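**Student:** Have a look at this one.
The values are calculated or read from the model by the stated rules, or taken from the named source; none is laboratory data. Bear in mind that the values here come from a model prediction, so they are computed numbers and not experimental data. Note: ideal-geometry Cβ built from the backbone for every residue, glycine included; neighbour counts use all protein chains shown.
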Amino acid sequence: MRPITKTRADLTNAVYRSVGLSRSDCARMVEDVLEIMSDAIIRGDDVKISGFGIFEVRDKRERIGRNPKTGVSAKITARRVLTFRPSIVLKKKVNSGK
């Protein structure tokens, strides 16, 4: 069984069914929330959603890596990575299947 991907349209429809505003207002709300989250992450801020998890940006330093197939060493440049740490509540829901 393939996992189902949720899209912006799916999120908009879920908000529309829950809130009862117009679809365009709900779409604008979803876009605004995603934009606020994106801007915060780009600035390097953590985004914590209670009961869901934390999106954080981490700085990775430059290091020497190795191609496992050929064994050739290569320099991996410093970069920023986005990580997600789920909350305990979300972990419990995922493990219980509810």
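**Student:** Give the residue that is nearest to residue 34 (Cα to Cα), with candidates limited to residues of the range 2-24 that are of a type in the set (D, E, K, R) and under 19 Å from the mean Cα position of the chain (by Cα).
**Tutor:** That would be 8.
**Student:** Could you say whether any residue in the range 80-97 is at pLDDT below 95 and polar (S, T, N, Q)?
**Tutor:** Taking every residue of the range 80-97 in turn, at least one turns out to be at pLDDT below 95 and polar (S, T, N, Q).
**Student:** Inside the range 10-32, can you point out the residues that are surrounded by fewer than 12 Cβ atoms within 10 Å (Cβ to Cβ) and either among the small types (Gly, Ala, Ser) or outside any helix (DSSP H, G or I) (or both)?
**Tutor:** Correct list: 18, 20, 22, 24.
**Student:** Kindly indicate the residue of the range 50-85 that is aliphatic (A, V, I, L, M) and without any contact (Cβ under 8 Å) to a residue 24 or more places away in the chain and also surrounded by the most Cβ atoms within 10 Å (Cβ to Cβ) among those meeting that condition.
**Tutor:** 76
**Student:** So is residue 35 among the acidic types (Asp, Glu), within 14 Å of the chain's Cα centre (by Cα) and assigned to a strand (DSSP E or B) or not?
**Tutor:** Taking the combined requirement at face value, the residue does not satisfy it.
**Student:** Can you tell me which of (1) assigned to a loop (DSSP other than H, G, I, E, B); (2) outside the structural domain of residue 88 (by TED's automatic domain parsing); (3) not basic (Lys, Arg) is the one residue 51 doesn't meet?
**Tutor:** Every listed condition holds for residue 51 apart from (2).
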